[in-house]
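Visitor: Here it is, the structure in full.
We did not get these values from a lab; they are worked out from the coordinates using the rules stated. Just so it is clear, the structure is predicted and the values come from calculations on it, not from any experiment. Cβ placement follows ideal geometry from the backbone for every residue including glycine, while neighbour counts extend to all protein chains displayed.
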Amino acid sequence: MNTDTQILSAQNINVIRNSQQLIDNVSLDIARGERVALIGPNGAGKSTLLKTLTGEIAPNHGNVTLFGKPLSQWRDRDAARVRAVLPQATMLNFAFTVREIVELGRFPHCAGALTRHDRIIVAEAMSAVEVTAFAERDVLSLSGGERARVHAARVLAQVWDAPHDVSPVLLLDEPTASLDLRHQRVLLQAVSEFVKRRGASVLAVLHDINLTAQWADRIVWLQRGRIVANGSAEQTLARERIRDVYEVDAEIARYRKSQAPYAMIDLVNE
Amino acid sequence: MTAGPIAVAVAVFALAVGAFPIAPSQVLSILGAGIGLVAPEAIDAQQAAVLWSIRVPRVLLGAAVGAGLAVAGALMQGLFRNPIADPGLIGVTSGAALAAAFVIVLGAVFPGKLVRELGNYLLPFAAFFGGALAALIVKHVATRDGVTSVFTMLLAGIAISALASAGIGLLAYIATDTQLRLLTFWTLGSLGSANWSVVAIVGFTISIALILSVRLAAPLNALALGEFEAKHLGVDVQRMKNIVLLVALAAVGVSVAFCGMIGFIGLVAPHCVRLLCGPDHRMLLPASALLGGTLLVAADLVARTVVAPAELPIGILTALLGVPFFVVLLRRQHGQTTSG
């Protein structure tokens, strides 16, 4: 596989469902080693765009390529070895243990029986997002945040050791939504660590604008199915944009440590 | 692992008990003589005849049908991602029942030559094709653009079952008393049809189904996360659905065809295994087969001894055992979903 080509690329995507235009002419490229955050208000089309990029939703117009090859031409097994997807929520009805769920991440690599190598990866992925302590517990007995971390570990385990000439792709839909402060940090750091180690590319739907500004290399702002801004926090995090996109007033300030910009939402009055 | 020895003990006991009792030690001697381990002089010829021509086929049929129904149940539960799915959900059982009712009540419409040629096999063959046809209709209704929706399949299964029971009702309405009695007994299930030819047909079909199911175990684990999640883990979900449906159709179809409707094994066996060994299908499928086979052999033992010399229909027993269990299961699942 050629690493010079675009890793994940969408050209002129339109998604129309029930005569509603959910995605309106979106083009997006994600480069090797890049952490891209997708932000925007509820109903802006973030999950729809993410699902279009995974192939779950077929666009009415436009096309999506993974390593230069259209998604439709990928065999599921081949795609699963280089790209992992974390959905917003996973509905489970059977009482699998945490370890069994994370081991499922190794499914694309081994036909059933895990090797020692697979077990080491499972252990590393579990420890990266701090689920090792309850590895033998039944997933159904965990809290929402603990469960979310288990699935994050599964997704990390899936592409942990993708072939060396390939930079794996992670597509994460609200990975931090149900996590406490500490574990939001743990998860985003684990992802960054993975990006650094493997030159992976990540697209994550996020809600916390300040966490996003600190973590992402690039922020894609989505509003009513359109990309309205696309750039670093430095370039895009502005008072006017927050008012345009989210319809709230905010004040932009800078962290003393890193000088990165952050936004304080004004709750008091107009 | 104590399950294997228990299964063997149940089988030996089932071979020993009956209208013509044979001591368990004799059972072992006769079986030993059959494979040349025991000198033929050491066994009673009459006991050997009873064992080989009546008991052994019956126990083997019970084991095969129990295993087939339990594995089909586990597969359906995996496919529907729900622990209370039943192997009859896709319409096989009700389609088979309609076909069986048709043969019992309107058997005279079949050409005499066909009836003579098929003899006792007319009803099983008709039932199998009725079950297969119903399942294929359900699958067809639920498939659009090459993608089968399990949710639509569930609804289509309910619809086809309702249609089939209307047909059965109509046939029961015009049936004579004798036909009605036959039909009722058929719907309650029985291993009474056991003989070596039946064992060969049922055993062969269910063995193939069990072998195919081994390869479905790991993909079914991935499917537990959801259909798209399984796809993102590299599972060809549509292909897996096709194989699961085919395997369940074969196992349930052949069981219903020769033994009538035997409920709850497909529900209870996989659930017990999940409680004991967890939900991993690599363990669940083979263990359900073992437990389902053992349960049905045990239930049949009770069915043919409790009102001897008559026989209780086995479906009555599996339902008596299964329904309370099913209710407990529902209550537990309800508790889980409301508290989670």
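Visitor: Using θ = phi - 60° and the Karplus curve 6.51 cos²θ - 1.76 cosθ + 1.60, what whole-Hz ³J(HN,Hα) does each residue of the range A:94-110 get, with Gly and Pro shown as x?
Guide: 10, 7, 6, 7, 4, 4, 4, 5, 5, 4, 4, x, 7, 3, x, 9, 9
Visitor: Still on this structure, I have one more. From Cα pairs below 8 angstrom and at least 6 apart in sequence, can you work out the relative contact order of the range B:3-339, rounded to a whole percent?
Guide: Once normalised by length, the contact order is 30 percent.
Visitor: Please compute the modelled spin-label separation between residue A:16 and residue B:25, points set 7 Å along Cα→Cβ, answer in nm with one decimal.
Guide: Label-label distance for residue B:25 and residue A:16, simple model: 8.5 nm.
Visitor: Do any trypsin sites (Lys or Arg not before Pro) in the range B:81-137 lie in a loop, going by DSSP, with at most 11 other beta-carbon atoms within 10 Å of their beta carbon, and if so which?
Guide: Passing both the DSSP loop test and the Cβ count: no residue.
Visitor: Looking at this model, which pairs from A:46/B:139; A:196/A:257; A:51/A:196; A:46/A:257; A:196/B:241; B:113/B:139 are more than 28 angstrom apart at the alpha-carbon?
Guide: Where the Cα-Cα span goes over 28 Å, the pairs concerned are A:46/B:139; A:46/A:257; A:196/B:241; B:113/B:139.
Visitor: For a quick check: sort B:236, B:86 by the number of other beta carbons within 10 angstrom, fewest at the front.
Guide: Ranking B:236, B:86 by Cβ neighbours within 10 Å, fewest first, gives B:236, B:86.
Visitor: Let me ask something else about it. Within 10 Å of each residue's Cβ, count the other Cβ atoms and sort B:173, A:255, A:246, B:121 from fewest upward.
Guide: In increasing order of surrounding Cβ atoms, one gets B:173, A:255, B:121, A:246.
Visitor: Among A:74, B:196, which comes first, then next, by fewest other beta-carbon atoms within 10 Å?
Guide: B:196, A:74
Visitor: If you don't mind, there's one more thing I want to ask. Output the antiparallel fraction of DSSP beta bridges having both residues in the protein assembly as shown, as a percent to the nearest 5.
Guide: Antiparallel: roughly 60 percent of the beta bridges in the protein assembly as shown.
Visitor: Run the simple label-point estimate for residue B:44 and residue A:210 please: 7 Å along Cα→C-beta, distance reported in nm.
Guide: The modelled label-to-label distance comes out at 8.9 nm.
Visitor: For a protection proxy built on the mean count of beta-carbon atoms within 10 angstrom, sort B:249-255, A:203-209 highest first, please.
Guide: B:249-255, A:203-209
Visitor: Going by the alpha-carbon gyration tensor, a ≥ b ≥ c the square roots of its eigenvalues, is the range A:1-150 rounded (a/c under 1.5) or, if a/c is not under 1.5, prolate (a/b greater than b/c) versus oblate?
Guide: Because a/c hits 1.5 or more and a/b exceeds b/c, the range A:1-150 counts as prolate.
Visitor: As I understand it, the value is the acute angle between the Cα axis of helix A:181-198 and the longest principal axis of the Cα atoms of chain A; what does it come to in degrees, rounded to 10?
Guide: So the inclination is approximately 70 degrees.
Visitor: Right, something else. Between residue B:208 and residue B:120, what FRET efficiency follows from the Cβ-Cβ distance if R0 is 25 Å, with the result rounded to 0.05?
Guide: That pair, residue B:208 with residue B:120, gives E of 0.60.
Visitor: Tell me, what ³J(HN,Hα) does each residue in the range A:134-151 have, in order and in whole Hz, if you take phi through Karplus 6.51 cos²θ - 1.76 cosθ + 1.60 with θ = phi - 60° and put x for Gly and Pro?
Guide: 10, 4, 9, 7, 6, 4, 5, 8, 8, 6, x, x, 5, 4, 4, 5, 4, 6
Visitor: Pop out the ³J(HN,Hα) list for the range B:20-30 in order, Karplus 6.51 cos²θ - 1.76 cosθ + 1.60 with θ = phi - 60°, rounded to Hz; leave Gly and Pro as x.
Guide: Going residue by residue, I get 10, x, 10, 4, x, 5, 5, 3, 5, 4, 5 Hz, with x marking Gly and Pro.
Visitor: Label 7 Å along Cα→Cβ of residue A:180; the range A:122-136 residues with amide nitrogen under 16 Å?
Guide: Under cut-off, by backbone N: A:129-134.
Visitor: By per-residue mean of other Cβ atoms within 10 Å, what is the highest-first order of B:126-133, A:156-163, A:187-194, B:320-327?
Guide: B:126-133, A:156-163, A:187-194, B:320-327
Visitor: Note down the relative contact order for chain A as a percent, whole number, built from C-alpha pairs under 8 angstrom at least six residues apart.
Guide: In percent, rounded to a whole number, it is 24.
Visitor: Can you tell me the orientation of helix A:116-128 relative to chain A, as the angle in degrees between its alpha-carbon axis and the longest Cα principal axis, to the nearest 10?
Guide: Computed tilt is about 30 degrees.
Visitor: From the square roots a ≥ b ≥ c of the eigenvalues of the alpha-carbon gyration tensor of the range B:3-339, which class results: rounded (a/c under 1.5), prolate (a/b over b/c), or oblate?
Guide: oblate
Visitor: Of all beta bridges DSSP finds with both residues in chain A, what is the antiparallel percent, to the nearest 5?
Guide: 60
Visitor: Mind giving me the nanometre distance, one decimal, between the label points for residue B:52 and residue B:8, set 7 Å out from Cα along Cα→Cβ?
Guide: Inter-label distance under the simple model: 2.3 nm.
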